Amino acid sequence: MSAAIRIQQVSKCFGSTQALDAIDLEVRPGEFFGLLGPNGAGKTTLISALAGLVRADFGKLSVMGHDVQADYREARRHLGVVPQELVFDPFFTVRESLKIQSGYFGIRDNDSWIDEILENLGLTSKANANMRMLSGGMKRRVLVAQALVHRPPVIVLDEPTAGVDVELRQTLWHFIRRLNEAGHTIVLTTHYLEEAENLCTRIAMLKAGRVVALDTTANLLRRFSVHTLRLRTRQAIPPELTHGAAENGGWWSLPFDRFDEVEPLLAKIRAAGCVIDDLEIGKPDLEEVFVRVMQGQAN
Amino acid sequence: MGHGFSTLLYKEVLRFWKVGSQTVAAPVLTALLYLLIFSHVLEGHVKVHGVIYTAFLIPGLVMMSVLQNAFANSSSSLIQSKVTGNIVFVLLPPISYLEFFAAYVLASVVRGFVVGAGVLLATFWFAPLTFAEPWWILIFALMGGAILGSLGVIAGIWADKFDQLAAFQNFLIMPLTFLSGVFYSINSLPPFWQEVSHWNPVFYMIDGFRHGFFGVSDASPWLSLSVVGSCLAVLTLFTLNLLKRGYKLRA
Ligand SMILES: Nc1ncnc2c1ncn2[C@@H]1O[C@H](COP(=O)(O)OP(=O)(O)OP(=O)(O)O)[C@@H](O)[C@H]1O
Ligand SMILES: [Mg+2]
């Protein structure tokens with residue numbers, strides 16, 4: 001058993017929509033893994049198949065070595081899922097919801113862990129509030145808490161920060177990072193690519209039910225994205241130095257691969273008689289990688 | 001049955017208890033109104049099996065309340081969870097389909113018993129009641145509640161919208177319970193309708209239940225037991241099969 005999550009040749013159709021198309025994916029124990037893709041790419045469907053909410057048409061899925069169909073009890077015990085939809089049970093308070101959720105996993109006395117989760121998610125003061133009375137962001141926190149009651153070794157968060165304020169994002173990521181450092185495997189989907197870039201060590205990109213990129217975050221950034229030197233000059237830069245880069249509002253964007261290219265380039269520009277008024281260095285970012293990957297697979 | 005089952009049962013009971021004015025008090029009041037109206041109209045005119053009409057009516061109303069509320073409990077809980085999406089909270093944990101079934105059906109039986117006891121308490125002042133063979137009372141209440149709780153699970157899973165559930169209730173459950181001898185003995189019906197009533201399983205639930213009070217009934221309690229028992233067995237198997245396949249719950 002070497003994989004926290006193993007997905008082999010998983011396909012799923014909804015009517016004529018091919019939501020998942022022969023997905024192969026492995027997440028190693030202790031990884032912080034990002035699952036990215038545009039709306040409708042199949043992220044939630046893949047997570048649902050892993051959680052047993054959706055049955056794959058073909059293929060196999062397992063969590064910590066437990067098949068999600070044949071050994072569903074063990075698989076589910078090892079998995080905590082924060083659903084994308086903001087759902088809650090209006091009949092109960094926050095604490096009641098968490099105690100009930102613990103009971104579903106066969107755990108009787110869970111109060112000290114529940115208190116710890118509440119504390120870490122900034123929910124302590126809301127513990128006895130009815131779910132109906134909470135704001136959207138507070139409900140989202142409870143949803144995270146519910147996924148953690150049974151201390152699952154594998155935690156899957158489906159867009160946990162959609163519509164959530166800065167404070168919760170920071171508290172949430174702080175807590176999730178600590179869980180990750182304590183050995184929990186984390187899988188995250190998000191449309192905030194900066195978030196994924198900062199948190200995830202490895203990323204899979206999905207499009208129309210297929211994995212179109214899979215690599216470490218660092219490699220993806222290196223492979224698909226370059227540094228840019230952005231300059232504002234008083235005079236036009238001679239075309240032989242810009243390699244066809246266009247000017248935009250007085251700014252020139254010049255791509256480069258290695259930092260030792262920068263000095264000589266600047267020297268050449270000065271030598272050509274251009275006075276530099278302003279200068280920025282743009283780092284590669286995941287958004288650009290994402291856009292390129294999605295376009296590259298357009299046909 | 002593990003702790004997951006008992007938690008789900010507890011949650012389902014807590015759910016209806018928290019809104020007890022709708023789920024317990026209201027149906028008790030409805031049954032009381034039926035009793036006041038029907039006994040006012042018919043008392044003194046009708047005796048059934050040698051029992052005065054109001055006394056005859058009370059067990060019928062109790063059982064009708066047990067059945068209707070058992071159905072309402074599982075069906076409304078499931079459709080609400082589906083529509084609001086919080087059904088995932090019970091689908092994500094390691095709860096087996098057997099535990100799922102048992103918890104929902106048993107919670108329905110509990111709701112049926114609570115309402116039935118309430119109706120009995122509210123109405124038994126109005127007529128001299130006897131408890132001739134109390135075991136039959138318990139057995140038929142339990143089995144009838146389980147059958148309707150099971151039907152409620154089926155309806156709650158099948159319906160996508162509240163109006164589909166209402167249709168199930170209005171066109172199946174209500175006619176079956178009303179045309180089952182709650183308000184009359186089927187021996188007083190014309191032969192054709194007597195024959196039709198014998199095809200209604202709810203008739204046997206009510207008849208057997210009533211036998212426990214008076215020791216007399218339209219059909220033998222053993223016949224009723226076998227009809228009701230067979231219905232329960234078939235419905236249980238059918239519902240378990242739906243749940244095992246994940247019908248409409250796990251796409
Ligand atoms: N229950 C369902 N019935 C029919 N079609 C579905 C169902 N669930 C998902 N789909 C379809 O499957 C495809 C994948 O949907 P999915 O929700 O997995 O996408 P996603 O990557 O999570 O998107 P988003 O970023 O918007 O959450 C979509 O085309 C969607 O319309
Ligand atoms: Mg999604």
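The values are calculated or read from the model by the stated rules, or taken from the named source; none is laboratory data. Just so it is clear, the model here is predicted, and its values are computed rather than measured. Virtual Cβ from ideal backbone geometry, glycine too; neighbours counted across all protein chains shown. The protein model used for the area step is the full one, side chains on, heavy atoms only, and it has no ligands, DNA or RNA in it. Shrake-Rupley method; radii C 1.70, N 1.55, O 1.52, S 1.80 Å.
Elements of the type helices (runs of 4 or more DSSP H) sitting completely within region B:15-125 and holding at least 1 residues that are more than 22 Å from B:Leu242 (Cβ to Cβ): these cover B:26-42, B:53-84, B:97-123.
From the list A:Val63, A:Val54, the lone residue that is within 16 Å of ligand 1 (Cβ to nearest atom), more than 18 Å from the chain's Cα centre (by Cα) and within 12 Å of another protein chain (Cβ to nearest Cβ) is A:Val54. When the residues of region A:27-45 are filtered to those that are more than 13 Å from the chain's Cα centre (by Cα) and within 7 Å of ligand 1 (Cβ to nearest atom), the one that is farthest from A:Leu220 (Cα to Cα) is A:Thr45.
Just one of (1) more than 16 Å from ligand 1 (Cβ to nearest atom); (2) of a type in the set (Asp, Glu); (3) free of Cβ contacts under 8 Å to residues at least 24 places away in the same chain fails for A:Glu85. It is (1). The sole residue among A:Arg230, A:Arg202 that is outside the structural domain of A:Gly80 (by TED's automatic domain parsing) and in contact with a Ser or Thr (Cβ under 7 Å, 6 or more places away or on another chain) is A:Arg230. Could you please let me know if B:Ala159 is of a type in the set (Gly, Ala, Ser), over 13 Å from the mean Cα position of the chain (by Cα) and open to solvent by 20 Å² or more (accessible area, probe 1.4 Å)? Against the criterion (of a type in the set (Gly, Ala, Ser), over 13 Å from the mean Cα position of the chain (by Cα) and open to solvent by 20 Å² or more (accessible area, probe 1.4 Å)), B:Ala159 does not qualify. Quick check on A:Ile107: is it within 16 Å of ligand 2 (Cβ to nearest atom), surrounded by 15 or more Cβ atoms within 10 Å (Cβ to Cβ), of a type outside the set (Phe, Trp, Tyr) and assigned by TED's automatic domain parsing to the domain that holds A:Val164? Answer is no for this residue.
So which of B:Phe209, B:Phe171 ends up being part of a helix (DSSP H, G or I), touching a residue at least 24 places away in the same chain (Cβ under 8 Å) and out of contact with any strand residue (DSSP E or B) (no Cβ under 7 Å at 6 or more places or on another chain)? Answer to the check: B:Phe209. Of the residues A:Leu241, A:Leu193, only one is of a type in the set (A, V, I, L, M, F, W, C), under 22 Å from A:Glu287 (Cβ atoms) and either open to solvent by less than 40 Å² (accessible area, probe 1.4 Å) or within 16 Å of ligand 2 (Cβ to nearest atom) (or both); which? Result: A:Leu193 is the single residue among A:Leu241, A:Leu193 that is of a type in the set (A, V, I, L, M, F, W, C), under 22 Å from A:Glu287 (Cβ atoms) and either open to solvent by less than 40 Å² (accessible area, probe 1.4 Å) or within 16 Å of ligand 2 (Cβ to nearest atom) (or both).
Residue-wise test of (1) open to solvent by 70 Å² or more (accessible area, probe 1.4 Å); (2) modelled with pLDDT of 80 or more; (3) among the aromatic types (Phe, Trp, Tyr).
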position: A:Ala213; (1), (2), (3): no, yes, no
position: A:Ile237; (1), (2), (3): no, yes, no
position: A:Phe259; (1), (2), (3): yes, yes, yes
position: A:Arg270; (1), (2), (3): yes, yes, no
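Selection of region A:80-91 for residues being at the interface with another protein chain (Cβ under 8 Å from one of its Cβ atoms) and either touching a Gly at 6+ places or on another chain (Cβ under 9 Å) or farther than 11 Å from B:Leu92 by Cβ (or both) yields A:Pro83, A:Glu85, A:Val87, A:Phe88, A:Asp89, A:Pro90, A:Phe91. Out of B:Leu14, B:Leu9, B:Leu35, B:Leu29, one residue alone is open to solvent by 10 Å² or more (accessible area, probe 1.4 Å) and either away from every other protein chain (no Cβ under 14 Å) or among the aromatic types (Phe, Trp, Tyr) (or both). It is B:Leu29. If the condition is being assigned to a helix (DSSP H, G or I) and either surrounded by 12 or more Cβ atoms within 10 Å (Cβ to Cβ) or at pLDDT below 95 (or both), then region B:234-251 contributes B:Val234, B:Leu235, B:Thr236, B:Phe238, B:Thr239, B:Leu240, B:Leu242, B:Leu243, B:Lys244, B:Arg245.
Of the candidates A:Ser2, A:Ser11, A:Ser16, the single residue that is surrounded by fewer than 22 Cβ atoms within 10 Å (Cβ to Cβ), under 18 Å from A:Gln69 (Cβ atoms) and not β-branched (Val, Ile, Thr) is A:Ser11. The single condition among (1) within 16 Å of ligand 2 (Cβ to nearest atom); (2) at the interface with another protein chain (Cβ under 10 Å from one of its Cβ atoms) that A:Leu46 does not satisfy is (2). Residues in region A:76-85 that are over 19 Å from B:Ile87 (Cβ atoms) and open to solvent by less than 50 Å² (accessible area, probe 1.4 Å): 1 in all. Among the candidates A:Leu79, A:Leu36, A:Leu20, the residue that is away from ligand 2 (no atom under 16 Å from the Cβ), touching a residue at least 60 places away in the same chain (Cβ under 8 Å) and touching a strand residue (DSSP E or B) at 6+ places or on another chain (Cβ under 6 Å) is uniquely A:Leu79. Scanning region A:6-16 finds one or more residues that are within 16 Å of ligand 2 (Cβ to nearest atom), outside any loop (DSSP other than H, G, I, E, B) and within 11 Å of another protein chain (Cβ to nearest Cβ).
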